Structures are given as C-alpha cells and as structure tokens.
Amino acid sequence: MGRLSPLPPPGPLRTLAYATLVNTVGAGLWLAGGALYLTRDVGLSATSVGAGLTVAGLVGLSASVPLGALADRWDPRTLRAALQAGQAVVALAYLLVGSFPAFLAVAVPEALLAAGNLAVRAALVAAVGGPDGRVHAFATLRAVANLGITVGTALAGIALAADTHRAYQVLVVGNAATYLLSAALLLRLPPQPTADARRATAARPAPDAETTPGPLTTGGGTRRGPGGPLRDGRFLAVSGASAVLSTHVTVLVLVVPLWTVDRAGAPPSVVSAVLLVNTVLTVLLAVRLSRGAERAAPAARKLRRAGLVLAAATPLYAATAGLPVLPAVVLLLVATAVWTVGDLWHGAAGAGLAYDLAPPGAIGAYQGADGLLAGLAQALGRGLLTLLVLGGGPVGWLVLGGIFAVAGLAAPALTRRAVADRPVPEARPAGVPG
C-alpha cells in the first residue's frame, strides 16, 4: 500500500483496520451532519441538543467497565460486532425522532453502546495485537480512524449542501449502514480467545517441563485487593493523569476553533485548516510516534513527554491573540503541529499504560475504567476549559499548560508506585513467555 498508507500489511490487523475505516466514515457523517439534522430537519433547539448529548454522554459512561469486563469473558470480536449491530438499530431510530423526549430516548442507548464499544474495541485490539503489538495496533487504527472521519465529513458536506429532508435521511441511513458493514468485516476475523483463556493458556504447565519463576513484568500477576479496576487506586492514579491530558481533544475541537475566530481574529475557514493539520499529521505520524510504549515504564516517560509538549504549545496559541491575521494564522498552524505531536505521544502512552498495568485476565475491564476517567475528564472539560481559556485569555492558556506539565511530570512516579504494588507472578514453565 506504500509507506504513506496507514493500512497495515495483510492479516487480522488489516481486517480490523478496514472495519475501523468503514465505522469511522459513518462517525464522520454523523459528527458533521448530526447536529444540523436534529436542529434544521427535526426542529430541536441547539440548546436542547447540547443538553441531551451531555446527559446521554454522562449516562453512557456507566457502560464502560461492565462491557469491558464482559469482553474479558466473551470473544471480543463477536461482542463488538453485536454492539455495532445494536448501534445500527439505534442510529436508524433517529429517523423517528420528533421531540426532545424522543431524542433523549435514542441518544441515551446510543451513548451506552458507544462507550461500551470503546472498551470492547480496546480488548479486541489487545487480542489481535498481542502484548508486544497492541500499542502499535492501537496507533495504526487511530491513523485509519482519522482518515475515515475525514472521508465521512467530506461526504456529509453533500447532504449539508443540499439541506433537504431527503438528504438528511440519507445521511442517517448511511451512518447506520456503516455500523452493519463494519460488524460484517469484524466477523471475518478469526475468533479471538478471551483474556481469561489467554491467561490460563500462558499459566498452564507443560508436561514434564521444568518450572521456574518468571521475572516480574508489568501486566503479570493479580493485583492486591479484590474489586476490579475501580478499586485499584494506583491504577486509577495513573489513568487519572492520562485523563487530564486527554482533554487535549476537547481543546482542539472546541476551544481552539472558538479562540481562532474570537481571539486570534482569523476567518472561520482557518478552523478547517487547523483541524486538517491535525488530521494529516495523525495519519502520517501516529504509528511512528507510538514506538516504545508497549511497557509501563517507557510509556510513562512518553506520557511525561506528551504533557510537556502539550504545555509548550499553549504559549504559542496564547501569542496569536496579539498578532495581525496572517502571522496569527501561521502561528496557529505551527501550534497545532506541536499540539498534535503531544496528542499522538499521549495516545500511545495512555494505551500502553492502560494495557500493561492491567492484570492479564481483566484487560477489558481496565480499559473500561480508563475510558470512564477519560470520558469524565472530557465531559467536565468542555465547560471548564472554555471558561479557563476564552475567559482567561493568554493567561488561561498558560494555566492550562501548567496543568498539562504537572500531569505529565507526575506520570513516571505514579507508574512506579503502580508497578511496585504487584506481587511476583506465579511460577511458570521454562520457555513460556510471561
């Protein structure tokens, strides 16, 4: 496919990449056109749409841990395909929405399925990539997802240009169809063993094999204290630091566009250029910048680097407020390029930590907990970050940079505490990898 293609070589990961590409084309359709469909065609107010999505998003987060735990016990491939079939049904139900209660009745199950699907997807990526390839797989799929969203956004432009009832209906049906096609592609993957089965296979002694204690590796053994990831305080501390940095998504898609127009004085078309820089760099660099994040200690160092780079971009954004339009636009693009590097380092490091700090039989549950914290941080960040940056001006950017720097700098120490909390794994056969 060429070096610039985000698609991996033939194999299970490529099949998963095709499923992701199709799914995210639908996501791009709905991201670009969903709000306009609900306001211009259905007739809901923008305030009610925003409130409904906020409520649904917060309720939806409750599905992250339970469905992630389910992926540890069921084949994550089949579970994710079933969830996407459910998402297709809910997406089609938007055709029946005609009031705010009906909108909420569709948006809440949609959010529950979406949040659960993210945790199941993470478990599926772990099964397909394996311990040494799951962060690479995560980064590959992120690059593919950005490409798919871009294509979907462009296709949505056709419906938005037509601005008719029939065009919006086609947009809704198209989004639903991508869920079904993606589910069909997922079922082309071979059945994936559950996390419990993989752990049992690795721990099973070979006949007449000499057993030796394995080295202490992150991801081995069972954590102290029962109760799952939501009672694993040291994991939650690491995940919390990552969640603070995950608000860079909200900054880029909400705060930066508003800042670009209101404070930097750039025309609205510059917002598209800013987001395009992020998309192109993500497609080109996501896999390359993910290297070295497979284990907890190097992933924590990469997370520290991500926090510092994101912090370094904030004064660049802040400086655009006092510049003429052309220099401000150039600096906005430069700042976004720097921001994207921090964004990509955070994505790889956060995935590596969430995978490697999870016990082998609870990868899905721990991914769900990690997603829950990130979702909460982003939900709260929409209001808080807008108030901090747009209300505080350049000083607000510098405060945000300080928050990112502190979160990144704390990551290695928090990770060392989480790793030190692990007991030595049980003895295993000589030659069996830990």
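Taking all Cα pairs closer than 8 Å and separated by 6 or more residues, the relative contact order of the stretch 271-425 comes to 37 percent.
Dividing the mean sequence gap of close Cα pairs (under 8 Å, 6+ apart) by how many residues the chain holds gives a relative contact order of 27 percent. Taking 7 Å steps out from each Cα toward its Cβ at Val280 and Ala337 produces label points 1.0 nm apart.
Taking the 1.4 Å solvent-accessible surface of the stretch 128-200 as the whole, the part contributed by carbon and sulfur is 69%. When you restrict to C-alpha pairs under 8 Å that are six or more residues apart and normalise by the size of the stretch 310-374, the relative contact order lands at 26 percent. By the gyration tensor of its Cα atoms, with a ≥ b ≥ c the square roots of the eigenvalues, what is the shape of the stretch 237-282: rounded for a/c under 1.5, prolate for a/b over b/c, or oblate? In terms of gyration-tensor shape, oblate.
Electrostatic bookkeeping for Val135 treats Lys and Arg as +1 and Asp and Glu as -1; over the other residues with beta carbon under 13 Å from its beta carbon, the sum is +3. Using only side-chain charges placed at the Cβ, +1 for Lys and Arg and -1 for Asp and Glu, the dipole size of the chain relative to its Cα centre rounds to 700 debye. Gaussian network model of the chain, Cα springs within a sub-10 Å range: biggest mean-square fluctuation belongs to which of Ala71, Ala349, Ala420? Between Ala71, Ala349, Ala420, it is Ala420 that shows the largest mean-square fluctuation.
Other residues with beta-carbon under 14 Å from the beta-carbon of Ala85 carry, at +1 per Lys or Arg and -1 per Asp or Glu, a net charge of +1. Seen from Gly33, the other residues with C-beta closer than 14 Å to its C-beta sum to a net charge of 0, counting Lys and Arg as +1 and Asp and Glu as -1.
Our note on the geometry: Cα centres of the stretch 99-119 and the stretch 157-189, 17 Å apart.
Surface exposure of the stretch 230-344, expressed per residue as accessible area with a 1.4 Å probe, stands at 39 Å².
The values are calculated or read from the model by the stated rules, or taken from the named source; none is laboratory data. Since we're looking at a predicted model, the values are computed, not measured. Cβ atoms come from the backbone with ideal geometry, glycine included; neighbour counts cover every protein chain shown. Heavy atoms of the whole protein, side chains included, go into the accessibility calculation; ligands, DNA and RNA do not. Shrake-Rupley method; radii C 1.70, N 1.55, O 1.52, S 1.80 Å.
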